[in-house]
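Before any comments, here is the structure.
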Amino acid sequence: MRMKLLATMATVLVLAGCSAAPSSTPAQQSGSSKQPDGTAEISIHGDTSSPVNDIAVKAIGDLQKYWADEYPKLYGKPYKPVEGGFYSVMPSKDDPPPCTKDVSEVSGNAFYCSSKDVVAWDAEGLLPDLQSKFGDFVIPIVFAHEWGHAVQGRSNFTARTVTKELQADCFAGGWAKHAQAAGVFIADSAQLDAALAGILQLRDTPGTSNIDPSAHGSGFDRVGAFQDGYDHGMQKCKDYRDDDPVVVELPFNDAEDAARGGDAPYASIINGVPYDLEDYWTQVYPQLTGGDKWVPVRGLEPFDPAKPPACGGSPAEGYVLFYCVPDDYIGWDNVDMMPEVYRQGGDFAVATLLATQYGLAAMTRANDQSDERTQSLRGDCFAGAYTASVVLGNRSATSSYRISPGDLDEAITALLVFRGSADAARQGSGFERTRYYRDGVINGAEACLKDS
């Protein structure tokens, strides 16, 4: 990266709590509240005693029934069930399933093979690993994605690989909404956030071209496609075409950027991001307010949590990142929390969390009277708008910052992962925050002023 933004939430003091990344804290597990119709008829090849396969069978049973109902509505003809078999594979000891020549092809993978009409998955590595990091609900979402490919085969959908993958993510989102509403799987907002974090882990390597035949989409793209299906339903997914939605796969800026993996040093982010945010708001704030000038934020306070600064006359104890309204400064834990965000999330995760507070400062200057949650989500949206400005380079006369591959994924990671457990009620769930962030990226700052 070269620099960027995002927002959180405020009253007198605003906190964006930092929780552990999902890789270090297993997500809360979700349970199945009822057995889907047709589950008794599902037979899988492989070790049925594997704990993840109980979830797999329940997902398969409901997906077969769901698409039997949904497919005729979308495509005007009956749904043909997946009939080639369901293969749970233990790569260390099993034979290769159909469509593969060697069992190693299944290791770390799940797939639908159209030529044999089969679904196969790694029940030894991939699914248990995803479950331990992201909870139970990520497993049925993996299967819902593969059923999306089965639907594509039945509907003769043709497009680039990346478009097919994003449509399958969209179908998975639509099914996930159904599974929650029908009580097939119990998954609250925290478990849905964890599942989205699992989707992020399955993103393309930063720098992948959107026309690469193996491209599946960035985390930003994949989460957005899932949310499309979840929010707007299967018709939205059916309408996917190449470049609609736009795929945001960005190249590295130069060889030096690639060598760094797109990450700038921590110190340059902490010291440089606020200057670019000031430049952004200096130019955008008058456009949003009908000509009012931007008043620079009075100060920045990186602090040792053992010695927190005062805000409004009281010590800001227990806060790791906040905008202090009465004293007009932004403070952050510069010893533990923010360096850890950089280590786990990357430079853009740090920039995102810092920038959230500038969104709050902008709303304070505009005398925004909306409630805390609405302000938080609007701030996330403004962060996306700032990111779009960096991507577009539309401040070239005053800013030389550029975005790097993976930066948008780092922003999404920051919104999903680096929060305290009590923050969802005040800020919105990670699912909501990423939705608002993407709205800002795609539609600009004006979109952030609409009613929430």
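The values are calculated or read from the model by the stated rules, or taken from the named source; none is laboratory data. Here the structure is a predicted model, which means the values were calculated and not measured. All Cβ positions, glycine included, derive from the backbone under ideal geometry; neighbour counts span all protein chains shown. Note: accessible area is taken over every heavy atom of the protein model, side chains too, but ligands, DNA and RNA are not part of it. Shrake-Rupley method; radii C 1.70, N 1.55, O 1.52, S 1.80 Å.
Per-structure values
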quantity: Whichever residue in the range 399-414 is aliphatic (A, V, I, L, M) and at pLDDT 85 or above and, among such residues, is farthest from Gly440 (Cα to Cα); calculated: Ala414
quantity: Any chance Leu127 is touching a strand residue (DSSP E or B) at 6+ places or on another chain (Cβ under 9 Å) and either of a type in the set (A, V, I, L, M) or within 30 Å of Phe418 (Cβ to Cβ) (or both); calculated: yes
quantity: So Gln64, is it under 19 Å from Trp175 (Cα atoms), modelled with pLDDT under 85, of a type outside the set (Ser, Thr, Tyr) and surrounded by 13 or more Cβ atoms within 10 Å (Cβ to Cβ); calculated: no
quantity: Given (1) over 23 Å from Ala194 (Cβ atoms); (2) small (Gly, Ala, Ser); (3) at pLDDT below 90, number of the condition Ala422 does not satisfy; calculated: (1)
quantity: Unique match (being of a type in the set (Ser, Thr, Tyr), out of contact with any Cys (no Cβ under 7 Å at 6 or more places or on another chain), open to solvent by 50 Å² or more (accessible area, probe 1.4 Å) and assigned to a helix (DSSP H, G or I)) among Ser107, Ser132, Ser92; calculated: Ser132
quantity: Residue in the range 54-61 that is modelled with pLDDT under 55 and closer than 22 Å to Leu192 by Cβ present; calculated: no
quantity: Single match in Trp294, Trp332 (criterion: within 25 Å of the chain's Cα centre (by Cα) and at pLDDT 95 or above); calculated: Trp332
quantity: Qualifying positions in the range 143-180 - aliphatic (A, V, I, L, M) and either open to solvent by less than 10 Å² (accessible area, probe 1.4 Å) or closer than 19 Å to Tyr71 by Cα (or both); calculated: Ala144, Ala150, Val151, Val162, Leu166, Ala168, Ala172, Ala176, Ala179
quantity: From the options Lys58, Lys101, residue that is surrounded by fewer than 21 Cβ atoms within 10 Å (Cβ to Cβ) and either acidic (Asp, Glu) or farther than 21 Å from Gln201 by Cα (or both); calculated: Lys101
quantity: Residues that are under 14 Å from Ala150 (Cα atoms) and β-branched (Val, Ile, Thr), drawn from the range 51-76; calculated: Ile60
quantity: Qualifying residue in the range 145-165 (condition: part of a helix (DSSP H, G or I), at pLDDT 95 or above and in contact with a Leu (Cβ under 7 Å, 6 or more places away or on another chain)); calculated: yes
quantity: Matching option when the condition is open to solvent by 10 Å² or more (accessible area, probe 1.4 Å), of a type in the set (A, V, I, L, M, F, W, C), touching a residue at least 12 places away in the same chain (Cβ under 8 Å) and in a helix (DSSP H, G or I), among Ala388, Ala361, Ala349; calculated: Ala388
quantity: Identity of the residue in the range 110-129, farther than 24 Å from Leu196 by Cα and outside any loop (DSSP other than H, G, I, E, B), that ends up modelled with the highest pLDDT; calculated: Val118
quantity: Checking Met1 against (1) in a loop (DSSP other than H, G, I, E, B); (2) crowded, with 23+ Cβ neighbours inside 10 Å; (3) at pLDDT 95 or above, the condition it does not meet; calculated: (3)
quantity: Pair list, Cβ < 9 Å and 6+ apart or interchain, from the range 275-288 residues that are open to solvent by 40 Å² or more (accessible area, probe 1.4 Å) to residues that are of a type in the set (Phe, Trp, Tyr) and outside any helix (DSSP H, G or I); calculated: Thr282/Trp294; Gln283/Trp294
quantity: Where Ala123 falls short, out of the listed (1) farther than 26 Å from Asp231 by Cβ; (2) open to solvent by 10 Å² or more (accessible area, probe 1.4 Å); (3) touching a residue at least 60 places away in the same chain (Cβ under 8 Å); calculated: (2)
quantity: Single residue of Asp409, Asp439 found to be open to solvent by less than 20 Å² (accessible area, probe 1.4 Å), in a helix (DSSP H, G or I), in contact with a helix residue (DSSP H, G or I) (Cβ under 8 Å, 6 or more places away or on another chain) and charged (D, E, K, R); calculated: Asp409
quantity: Conditions (1) at pLDDT 85 or above; (2) of a type in the set (S, T, N, Q); (3) touching a Gly at 6+ places or on another chain (Cβ under 6 Å): number failed by Ser19; calculated: (1)
quantity: Near pairs, Cβ below 9 angstrom, 6+ apart or cross-chain, from the range 149-165 (within 17 Å of Val247 (Cβ to Cβ) and in contact (Cβ under 8 Å) with a residue 60 or more places away in the chain) to any residue that is of a type in the set (Val, Ile, Thr) and open to solvent by 20 Å² or more (accessible area, probe 1.4 Å); calculated: Arg160/Ile211; Val162/Thr208; Val162/Ile211
quantity: Checking Asp368 against (1) touching an Asp or Glu at 6+ places or on another chain (Cβ under 8 Å); (2) under 19 Å from Gln287 (Cα atoms); (3) in a loop (DSSP other than H, G, I, E, B), the condition it does not meet; calculated: (1)
quantity: Asn109, sole failed condition from (1) among the polar types (S, T, N, Q); (2) touching a residue at least 40 places away in the same chain (Cβ under 8 Å); (3) closer than 29 Å to Ser218 by Cβ; calculated: (2)
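For every residue, the table says whether it meets (1) among the polar types (S, T, N, Q); (2) farther than 16 Å from Arg435 by Cβ.
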{"site": "Ser376", "(1), (2)": "yes, no"}
{"site": "Val390", "(1), (2)": "no, yes"}
{"site": "Gly393", "(1), (2)": "no, yes"}
{"site": "Ala397", "(1), (2)": "no, yes"}
{"site": "Ser400", "(1), (2)": "yes, yes"}
{"site": "Ile403", "(1), (2)": "no, yes"}
{"site": "Glu410", "(1), (2)": "no, yes"}
{"site": "Thr413", "(1), (2)": "yes, no"}
